[in-house]
């Protein structure tokens, strides 16, 4: 489904910021119960695995600064969005390095898959946002060791320290 919308920013909101709205009839085509995961391609430039977010009578997709920078368009400008249902296992692409680490560490794999879908995506994002393959491997190993040592619990402060330590290796 392709439609045009505006790059927007919620006024005076400390939590919500850059986004684009979807027509309600378009959003409803992709909502299945609690599953609102979609893949959006914006201006044929940026592809996002994301969730449709509700706000009163509108639906929207949040955008971070990196995405807006790639688009190189001012707030208020028109964008073209292509939306399709995200049928991937995790709601985003799993980096090969992380998958391989989990395959080689059965306990970490068990604990990872016992986490909520949102926590799984957070850990996948931590690994995926790095461009260098060696760095992705180190992050994946740090996460695997952390969730194994903590029996599936995540302490993000301790995980952050572990990630820093593994980066120095």
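Miscellaneous remarks
- A quarter of the convex hull surface defined by the alpha-carbon atoms of segment 24-105 gives 7.2 nm² as the mean projection.
- Shape call, segment 96-167: gyration tensor on alpha carbons, a/c limit 1.5: rounded
- Remark: relative contact order (segment 2-85) = 41 percent; criterion is Cα-Cα distance under 8 angstrom and separation of 6 or more residues.
- Each peptide among 99-105, 70-76, 148-154 gets the average number of other Cβ atoms lying within 10 Å of its residues, and from highest to lowest they stand as 99-105, 148-154, 70-76.
- Mean separation of Cα contacts under 8 Å, 6 or more apart, over the residue count of segment 96-167: relative contact order %: 37
- Efficiency of FRET from Cβ geometry, residue 135 and residue 161, R₀ 22 Å, rounded to 0.05: 0.85
- The slack in the chain from residue 46 to residue 84, taken as 0.36 nm per residue of separation less the alpha-carbon distance, amounts to 12.3 nm.
- Sequence-separation-based contact order of the chain, relative, with Cα cut under 8 Å and 6+ spacing, percent: 20
- Mean residue ellipticity at 222 nm, helices only, the chain: -12500 deg cm²/dmol; runs of at least 4 DSSP H residues each add -39,500 (n - 2.57), and the sum is divided by the number of residues.
FYI, it's all coordinate maths here, none of it is from the lab. In this text the structure is predicted, and so the values were computed from the model without any measurement. Every residue, glycine among them, receives a Cβ derived from its backbone with ideal geometry; neighbour counts consider all protein chains shown.
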